[in-house]
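Notes follow the structure.
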Amino acid sequence: MLAMSRARLRPLLSAERIAGRVKEIGSNIERDHSGDRPLWLIGALKGAAFFLADLARAVDRDVRIDFIQASSYGSGTESSGNVRIVRDLDHDIAGCDVILVEDIVDSGRTANVLLRLLRERRPASLRLATLLDKPSRRVEPVEIDYRGFEIDNQFVVGYGLDAAERYRNLPGVWTLPETGVGGK
Ligand code: PRP
């Protein structure tokens with residue numbers, strides 16, 4: 001059953017390609033954070049959990065990790081535009097270097113809400129890393145400091161991204177063609 005439904009998936013980014021890009025982003029993060037301040041990687045649950053885990057290991061310096069979770073009201077693949085925080089940080093990030101880690105920036109609403117919230121905590125610096133960027137879907141401008149891949153408006157799953165909570169554990173990123181455009 002599972003194998004049959006996976007047959008609908010089309011490969012977009014292989015695990016190897018992602019691993020190579022994550023390594024490059026890890027080096028860029030090292031280059032940009034050479035000081036002594038604590039560096040926090042803040043993962044946006046749930047999708048970014050896989051990217052965060054790999055990215056943290058691609059940065060050759062001490063990093064600390066925490067998680068935050070936002071949720072859109074409404075259902076379906078189109079975000080309704082209202083984003084609320086359902087899980088906040090465990091730690092104080094004031095005076096630290098902070099990178100918000102996202103799996104995908106789509107409309108840009110979630111990233112902006114999370115960046116605003118993190119900025120209120122007075123970090124010394126705040127940057128945004130996202131594995132995927134879908135600029136064609138942007139509703140709000142977002143400044144992305146570390147971008148894995150820019151992709152077209154296709155429904156993508158795998159490497160943390162889901163369709164109704166399925167497929168997150170797939171290595172690599174895949175498209176679900178018949179789902180049509182519009183979804184994440
Ligand atoms: C996804 C993704 C981003 C957000 C991007 O999260 O992880 O956080 O949507 O969309 P936006 O740019 O239109 O705001 P989702 O709400 O699907 O939760 P999940 O990570 O738990 O799957």
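The values are calculated or read from the model by the stated rules, or taken from the named source; none is laboratory data. None of the values given here were measured: they were computed from a predicted structure. All Cβ positions, even for glycine, are placed from backbone atoms using ideal geometry, and neighbour counts span all protein chains on display. Ligands, DNA and RNA are excluded from the accessible area calculation, which covers all protein heavy atoms including side chains. Shrake-Rupley method; radii C 1.70, N 1.55, O 1.52, S 1.80 Å.
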Original post:
Which one is farthest from the ligand (Cβ to nearest atom), of the residues in the stretch 122-144 that are part of a loop (DSSP other than H, G, I, E, B) and buried (at least 16 other Cβ atoms within 10 Å of the Cβ)?
Top reply: 123
Original post:
For the stretch 4-117, which fully contained strands (runs of 3 or more DSSP E) count at least 1 residues that are open to solvent by 60 Å² or more (accessible area, probe 1.4 Å)?
Top reply: 10-13, 64-72, 83-87
Original post:
Which of the residues spanning the stretch 153-172 are farther than 24 Å from residue 115 by Cα, assigned to a loop (DSSP other than H, G, I, E, B) and away from the ligand (no atom under 11 Å from the Cβ)?
Top reply: 154, 155, 169, 170, 171, 172
**OP:** State all residues of the stretch 80-110 that are free of Cβ contacts under 8 Å to residues at least 40 places away in the same chain and within 16 Å of the ligand (Cβ to nearest atom); if no residue qualifies, say none.
**Re:** 80, 82, 83, 84, 85, 86, 88, 105, 107, 108, 109
